[in-house]
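Engineer: Okay, handing you the structure first.
The values are calculated or read from the model by the stated rules, or taken from the named source; none is laboratory data. Predicted model, so just to flag it, every value in this text is computed and none were measured. For neighbour counting, all protein chains shown are included, and Cβ atoms are generated from backbone atoms with ideal geometry for every residue, glycine included. Keep in mind that these areas ignore ligands, DNA and RNA; they rest on the heavy atoms of the full protein, side chains included. Shrake-Rupley method; radii C 1.70, N 1.55, O 1.52, S 1.80 Å.
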Amino acid sequence: MTRGSWTGWASRLALAAVALGCAGAGAAERTMSWDSGCRFTVRYDPAKQDETRLRNTVRLLFGPSDFDSPGTLPAFEPKAVAALDPDKIDRACKATLDAAARLEFIALPGVDDYRRARIAELKDSCDFELAQTRGFKTPAALRDYQPAAACVRFVDAIEGKTDLQQMFRQAVDQGCADNASPKACVARYAAEAQKADGPERMRIYLVNFGWTNCAVNYNLRNTGAQKTEAMRSALETQFRKMFKVKQDKCEEAD
């Protein structure tokens, strides 16, 4: 083999090795996608980034959230109230809190502080939902949600310490004010209050549309929303510096 032909063969071999190396690196990479109004995708090397930690971090920053409380079932009728199971909500809350505390994320400065903030929100939401659910049958339980101390006037009326009918009428007037037909709205609830189980229906209304509408204003998800969003936004900025996030198609607005 001449020197020229050997050099050419060696060059082609080197190029082939580079190509194989690139192909190998590309083959090792994986993609992860999620939807958050738009379709987003990141490429990552599983040898450098743990897939579970990355997925948990994506959910933490972009959703769906792992820090949502179980929620409560609607209860607008006495039969629905009888079927409520606060112990079931309590068990679900404890399980969600335990799972949230054990989640692992990729190393981003401040991610543990954000987790603690989200867990605090979750616990607050659970406390609120438990107080509300128990409060239908045991009105004093509404006082257990201490952030809503300013809403105690509804609890006093539900417990019979103040005039139940007067508070009911005030709440109905306020609730029906923005209705398409306020008079018809007021008349409908007034008729409900005249039924044989009228006092119970008035108490149910005040839990749903009196105390609850007042108490949600003191939920940590509302009072601390600006702070937690600033934390999330800072983490997203760091995440986008670490990974190239590709945005694909977005949902069209209706």
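Engineer: Restricting to the stretch 199-254, give me the number of residues that are outside any helix (DSSP H, G or I) and either touching a residue at least 60 places away in the same chain (Cβ under 8 Å) or farther than 30 Å from M32 by Cβ (or both).
Structural biologist: Within the stretch 199-254, the first condition is being outside any helix (DSSP H, G or I), and the residues that meet it are 219, 224, 243-254.
Keeping just the survivors that are either touching a residue at least 60 places away in the same chain (Cβ under 8 Å) or farther than 30 Å from M32 by Cβ (or both) gives 219, 224, 243-251.
Number satisfying all stated conditions: 11.
Engineer: Keeping to the stretch 56-90, report how many residues are at negative phi and either loosely packed, with under 12 Cβ neighbours inside 10 Å or in a loop (DSSP other than H, G, I, E, B) (or both).
Structural biologist: So the first thing to find is which residues in the stretch 56-90 are at negative phi, and the list is 56-62, 64-70, 72-90.
Cutting the leftovers down to either loosely packed, with under 12 Cβ neighbours inside 10 Å or in a loop (DSSP other than H, G, I, E, B) (or both) gives us 64-70, 72-77, 79, 82-85, 87.
Residues meeting the conditions: 19.
Engineer: Please work out which one of (1) in contact with an Asp or Glu (Cβ under 8 Å, 6 or more places away or on another chain); (2) at pLDDT below 95; (3) open to solvent by 60 Å² or more (accessible area, probe 1.4 Å) is the condition R53 fails and give its number.
Structural biologist: Unmet for R53, out of (1) in contact with an Asp or Glu (Cβ under 8 Å, 6 or more places away or on another chain); (2) at pLDDT below 95; (3) open to solvent by 60 Å² or more (accessible area, probe 1.4 Å): (2).
Engineer: Ok, one more. Which one is farthest from G175 (Cα to Cα) among residues in the stretch 220-254 that are open to solvent by 30 Å² or more (accessible area, probe 1.4 Å) and of a type in the set (S, T, N, Q)?
Structural biologist: Q238
Engineer: Among the listed residues S36, S11, S69, identify the single one that is under 30 Å from E229 (Cα atoms) and at pLDDT below 90. Spell out the reasoning first.
Structural biologist: Working: S11 fails: under 30 Å from E229 (Cα atoms); S69 fails: at pLDDT below 90.
Result of the check over S36, S11, S69: S36.
A quick yes/no check of all residues on (1) open to solvent by less than 50 Å² (accessible area, probe 1.4 Å); (2) more than 21 Å from P78 (Cα to Cα):
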| residue | (1), (2) |
| --- | --- |
| D144 | no, yes |
| D156 | yes, no |
| K161 | no, yes |
| A196 | no, no |
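Engineer: Of the residues N217, N213, N208, which is open to solvent by 90 Å² or more (accessible area, probe 1.4 Å), of a type outside the set (S, T, Y) and within 22 Å of P147 (Cβ to Cβ)? Let's see the steps before the verdict.
Structural biologist: On the way: N213 fails: open to solvent by 90 Å² or more (accessible area, probe 1.4 Å); N208 fails: open to solvent by 90 Å² or more (accessible area, probe 1.4 Å).
Going through N217, N213, N208 in turn, just one is open to solvent by 90 Å² or more (accessible area, probe 1.4 Å), of a type outside the set (S, T, Y) and within 22 Å of P147 (Cβ to Cβ): N217.
Engineer: Another question, if that's okay. Output the number of residues of the stretch 99-123 satisfying the condition of being in a helix (DSSP H, G or I), open to solvent by less than 40 Å² (accessible area, probe 1.4 Å) and of a type in the set (G, A, S).
Structural biologist: The total comes to 2.
Engineer: Here are the criteria: (1) free of Cβ contacts under 8 Å to residues at least 12 places away in the same chain; (2) within 25 Å of the chain's Cα centre (by Cα). Tell me which single one G37 does not satisfy.
Structural biologist: (1)
Engineer: Would you check if there is a residue in the stretch 78-96 being free of Cβ contacts under 8 Å to residues at least 24 places away in the same chain and within 15 Å of the chain's Cα centre (by Cα)?
Structural biologist: Yes: the stretch 78-96 contains one or more residues that are free of Cβ contacts under 8 Å to residues at least 24 places away in the same chain and within 15 Å of the chain's Cα centre (by Cα).
Engineer: Could you list, in sequence order, the residues of the stretch 124-154 that are β-branched (V, I, T) and in a helix (DSSP H, G or I)? Lay out the reasoning, then the answer.
Structural biologist: Filtering the stretch 124-154 for residues β-branched (V, I, T) gives 133, 138, 152.
Matches in the stretch 124-154: T133, V152.
Engineer: I've got another one for you. Tally the residues that are part of a loop (DSSP other than H, G, I, E, B) and in contact with a Phe, Trp or Tyr (Cβ under 9 Å, 6 or more places away or on another chain), restricting the search to the stretch 40-55. Talk me through it step by step, then tell me what you get.
Structural biologist: In the first step, residues of the stretch 40-55 are kept if they are part of a loop (DSSP other than H, G, I, E, B); the result is 45-50.
So of that shortlist, the ones also in contact with a Phe, Trp or Tyr (Cβ under 9 Å, 6 or more places away or on another chain) come out as 49.
Residues flagged as part of a loop (DSSP other than H, G, I, E, B) and in contact with a Phe, Trp or Tyr (Cβ under 9 Å, 6 or more places away or on another chain) within the stretch 40-55 amount to 1.
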